[in-house]
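The values are calculated or read from the model by the stated rules, or taken from the named source; none is laboratory data. In this text the structure is predicted, and so the values were computed from the model without any measurement. Cβ placement follows ideal geometry from the backbone for every residue including glycine, while neighbour counts extend to all protein chains displayed.
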Amino acid sequence: MPALPLNPRRIAAAAGLLVVALLVIEFNTRLDELNRLAEKRDRVRVEATQSMQTQVALHTAIAYGGSVAAAEAWARSEGHYMMPGDRPVVPLGGPGEAPAVASTPTAIATSPPNWQIWWDLFFSE
């Protein structure tokens, strides 16, 4: 086989093809990086949106918690508060049942502290 003569045109064409191939490889690398960063940007945007929505919900809950309506709702749910016009319901026993008797609490005798017992033992008449 005869050797190809070194022609400046062929050398320039080969160098040009090499430069184009390197440019295409670099462009592909940059496109991959762009896609990766775009996906990361989208994830961060979603997280930021969720954080803002959580913040708005918490501010709303705080504002409601400090309002009169929240206090009334809690008092009504606990049975401590009645609005004008409300009629309290008192449950009654069935027919023939003895009415429930509220027991009166008995006073529990408290013993004096030990030092007072000893004091009385030694110094009282």
Seminar exercise, completed: Considering residues that are among the aliphatic types (A, V, I, L, M) and within 30 Å of Pro84 (Cβ to Cβ), the number found within segment 15-72 is 7
Seminar exercise, completed: Being assigned to a helix (DSSP H, G or I) and without any contact (Cβ under 8 Å) to a residue 60 or more places away in the chain narrows Ala3, Ala15 down to just Ala15
Problem set entry | Breaking point among (1) at pLDDT 95 or above; (2) over 38 Å from the mean Cα position of the chain (by Cα), for Ala13 | (1)
Seminar exercise, completed: Taking segment 39-80 and keeping only residues that are within 15 Å of the chain's Cα centre (by Cα) and charged (D, E, K, R), one is left with Glu47
